Amino acid sequence: MSRLVVVSNRLPALGKGVAAGGLAVALEAALKNHEGLWLGWSGRAVEDATDDLRLVDEGNVTYAALDLTPEDIAGYYEGISNSVLWPLCHYRPDLLEFNRTAMERYLAVNEKFARVLVGLLQPGDLVWVHDYHLMPLAAKLRALGVTNRIGYFHHIPWPAHDLFRALPRADDFLSEMLAYDVVGLQTPGDAKNLRDALDAARHRLERATSPRGTRIGAYPISIDTRGFTARARRARDLPRIRDLHQRFGPRDLVIGVDRLDYSKGLPERLRAIEQLLENHAGLHNRVSFLQITPASRSGIEGYDRIQQEVAERAGRLNASYGTLDWVPVRYINRAFSHSLLAGLYRLARVGLVTPLRDGMNLVAKEYVAAQDPEDPGVLVLSQFAGAAAEMQSALIVNPYDVEEVANAIARALTMSIAERRERHTDMLRRLERYPVSVWAENFVTDLEGRKHASAA
């Protein structure tokens, strides 16, 4: 069996094996079936960062940690990755902050990843690169003579072609995509957007790019469905969950869990909650909204602004509607364990997942997996989340239409148990058929050059 070499911007916490949550959970299934190597940035800023690596063995996986300089981080991570590629792929070209110095640093860091990876690769290794931080990596590896099969997975949306053209050096990025053997995206729509961009630029790319027959497909990422369901069932007995259950009492809980990011639609979500309370006085003191929003990317202007806006809006809403014994909105800026979140999802009558644009949104899938099948809650889901393509039994909403979102929450709170069960059963069946292990297996199968029936 070929060794699987994973490359991502960040590593899981060294010394703890493959961690729960995010990319690590998604890749655990693939790595546990292969002798594995995982290369990524250590998260450290070092003034004199070299190409030296720190290697940590955990089971059959070796983690290779690479240090970066503050200048690397400013250009590669904060500059191009977070201030150009992220806003563009989330349909916010107005937030692009491009400069050529940052782009030079972004490309230099990709070259650094390529240099150190060449020294680690063995013949027959399969290389699986993750996300927009490392889009040029395959081209850098090919320039160094690497002939191994290399795949890329794009975890965020791929924008429509007309929007993609706003990206500086757009044709170069497209050419670099063609250095991969397989390119995976979250949805068929994302895959179409990439194909459209390649087709539109083909006459320009052919002069600079040797064709590899790159396979472009949709591979919707999923979760460990059965594992998360079991986690949520166990979480009922956690002291903090029992305490919260008593604290909320007879009130229905509406929950949102999102990183602090302008793509998540948090101000619009709070406006919908306000609209709900304005339209439905009978829900006062009967519903509590819990928004858990760990801060991310602090120090970047766009993120600092959204944090202030959301906090102020939550405060005004509580001031307008709160009473001595009822706070409509609990807004918390910190992270919680997966186990505690699973218990909170199970408590919640409504899961509110309303991003303005999202590659997939695994919270939506976790919320469904966490529910008690005898008395399940209702998922209210943005039509612009990648998960909406698979979870049509959710209440699908336009997150920009706060009246529609408010009405969907009201409908969810009054929905009959028979309808709740029917909707939940349909979505859970899909999640059980297509867990994260199948996602990983399908991608690796195609990377090996074999085909499966599920890729778009």
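Some notes on this structure:
- The residue list Asp67, Asp51 contains one member that is exposed (fewer than 15 other Cβ atoms within 10 Å of the Cβ), of a type in the set (Asp, Glu) and either out of contact with any Pro (no Cβ under 7 Å at 6 or more places or on another chain) or not assigned by TED's automatic domain parsing to the domain that holds Asp131 (or both), which is Asp51.
The rows are residues; the columns are (1) in contact (Cβ under 8 Å) with a residue 40 or more places away in the chain; (2) of a type outside the set (Gly, Ala, Ser); (3) surrounded by fewer than 20 Cβ atoms within 10 Å (Cβ to Cβ).
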site	(1), (2), (3)
Ala311	no, no, yes
Tyr321	yes, yes, yes
Pro328	yes, yes, no
Arg334	yes, yes, yes
His338	yes, yes, yes
Val353	yes, yes, no
Asp358	yes, yes, no
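- Test for Glu47: is it at pLDDT 90 or above, of a type outside the set (A, V, I, L, M, F, W, C) and touching a Ser or Thr at 6+ places or on another chain (Cβ under 9 Å): yes
- Residue count, the range 7-35 (criterion: modelled with pLDDT of 75 or more, of a type in the set (A, V, I, L, M) and under 17 Å from the mean Cα position of the chain (by Cα)): 3
- Residue in the range 21-36 that is in a helix (DSSP H, G or I), surrounded by fewer than 17 Cβ atoms within 10 Å (Cβ to Cβ) and not assigned by TED's automatic domain parsing to the domain that holds Val363 present: yes
- Some residue of the range 236-248 being closer than 26 Å to Tyr132 by Cβ, surrounded by 15 or more Cβ atoms within 10 Å (Cβ to Cβ) and of a type outside the set (Val, Ile, Thr): no
- Being β-branched (Val, Ile, Thr) and over 16 Å from the mean Cα position of the chain (by Cα) holds for only one residue in Val353, Val363, Val368, and it is Val368.
- Test for Thr62: is it in contact with a strand residue (DSSP E or B) (Cβ under 8 Å, 6 or more places away or on another chain) and surrounded by 15 or more Cβ atoms within 10 Å (Cβ to Cβ): yes
- Filter result for Lys140 (out of contact with any Leu (no Cβ under 7 Å at 6 or more places or on another chain), surrounded by fewer than 19 Cβ atoms within 10 Å (Cβ to Cβ) and either modelled with pLDDT of 95 or more or among the aromatic types (Phe, Trp, Tyr) (or both)): no
- Within the range 134-181, tally of residues that are more than 20 Å from the chain's Cα centre (by Cα) and in a strand (DSSP E or B): 1
- From Leu260, Leu244, Leu277, residue being in contact with a helix residue (DSSP H, G or I) (Cβ under 6 Å, 6 or more places away or on another chain), assigned to a helix (DSSP H, G or I) and not basic (Lys, Arg): Leu277
- Flag for Asp125 being surrounded by fewer than 19 Cβ atoms within 10 Å (Cβ to Cβ), assigned by TED's automatic domain parsing to the domain that holds Met103 and either in contact (Cβ under 8 Å) with a residue 60 or more places away in the chain or not aromatic (Phe, Trp, Tyr) (or both): no
- From the list Ala418, Ala389, Ala385, Ala410, the lone residue that is aliphatic (A, V, I, L, M) and surrounded by 22 or more Cβ atoms within 10 Å (Cβ to Cβ) is Ala385.
- Breaking point among (1) under 22 Å from the mean Cα position of the chain (by Cα); (2) closer than 19 Å to Phe164 by Cα; (3) in contact (Cβ under 8 Å) with a residue 40 or more places away in the chain, for Phe98: (1)
- Qualifying residue in the range 334-348 (condition: out of contact with any Gly (no Cβ under 6 Å at 6 or more places or on another chain), of a type in the set (Gly, Ala, Ser) and either modelled with pLDDT of 95 or more or not assigned by TED's automatic domain parsing to the domain that holds Arg269 (or both)): yes
- Any hit, the range 296-318, residues being modelled with pLDDT of 95 or more, under 23 Å from the mean Cα position of the chain (by Cα) and acidic (Asp, Glu): no
- Qualifying residue in the range 278-286 (condition: in contact with a strand residue (DSSP E or B) (Cβ under 8 Å, 6 or more places away or on another chain), surrounded by fewer than 20 Cβ atoms within 10 Å (Cβ to Cβ) and closer than 28 Å to Pro157 by Cα): no
- Candidate set from the range 392-407 (those that are farther than 17 Å from Gly189 by Cα and polar (S, T, N, Q)); member that is surrounded by the most Cβ atoms within 10 Å (Cβ to Cβ): Ser393
- Among the candidates Asp125, Asp131, Asp224, Asp190, residue that is within 17 Å of the chain's Cα centre (by Cα), acidic (Asp, Glu) and under 28 Å from Arg54 (Cβ atoms): Asp131
The values are calculated or read from the model by the stated rules, or taken from the named source; none is laboratory data. Worth saying up front: this structure is predicted, and the values here are computed from it rather than measured. Cβ atoms come from the backbone with ideal geometry, glycine included; neighbour counts cover every protein chain shown.
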